[in-house]
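So the structure is just underneath, and the comments pick up after that.
Values in this text are rule-based calculations from the coordinates and carry no lab data. Because the structure is predicted, anything quoted here is derived from the model rather than measured. Note: ideal-geometry Cβ built from the backbone for every residue, glycine included; neighbour counts use all protein chains shown.
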Amino acid sequence: MRSMSSDWNILISGWACTLIGTGIIFTMSEPTGLLVGTPLLIAGFPLLLVALSRGRQLSGKQADPNWSPSPESLPDAGRVMYRVDTSLDEPIRTSILCGACGEVDWVEGKKPLRHICTGCGILLWNEEEE
Ligand SMILES: [Zn+2]
């Protein structure tokens, strides 16, 4: 959270420098406006770029569209185990890791009411009303 707030500080300072710089150039008479405003713009733009590129890296880490659970066998606890992960961002996709064979299935949208593993054909769950 600390790195997030420092990124926000950079972004806000960058915006402030750029806005104030632009404002001074347009409102004050030349050459005073250019003399005061240009250094602010020069200082503000790199700050903005740094903050924006950092923000993109952060959000890229949080929502990796290529993320998928590692195919592995889950411990056998007397019934078929499975793991379901639904993405938080568009496009909404759900990965289903079958504990019996380690197969990972992908379905569009949220967790379906029932799912049969495409790897071993086991009915992993059925929440459909009879
Ligand atoms: Zn399976």
Can you list residues from other chains, or at least 5 along the same chain, whose modelled amide H is less than 5 Å from the amide H of residue 115? 124, 125
What does the extension gain come out to for residue 126 and residue 101, with contour length at 0.36 nm per residue minus their alpha carbon separation? 7.2 nm
Given a Förster distance of 41 Å, the FRET efficiency implied by the Cβ-Cβ spacing of residue 45 and residue 116, rounded to the nearest 0.05, works out to 0.15
For residue 81, list long-range residues whose amide hydrogen, built 1.01 Å from N in the peptide plane, is under 5 Å from its own amide hydrogen. 99, 100
Counted charge near residue 47, where neighbours are those whose Cβ lies closer than 13 Å (Asp, Glu -1; Lys, Arg +1): 0
Taking amide hydrogens as modeled 1.01 Å from N in the peptide plane, which residues meet the under 5 Å criterion relative to residue 93, leaving out close sequence neighbours? 87, 109
In whole angstrom, note down how far apart the Cα centers of region 1-41 and region 98-112 are. 50 Å
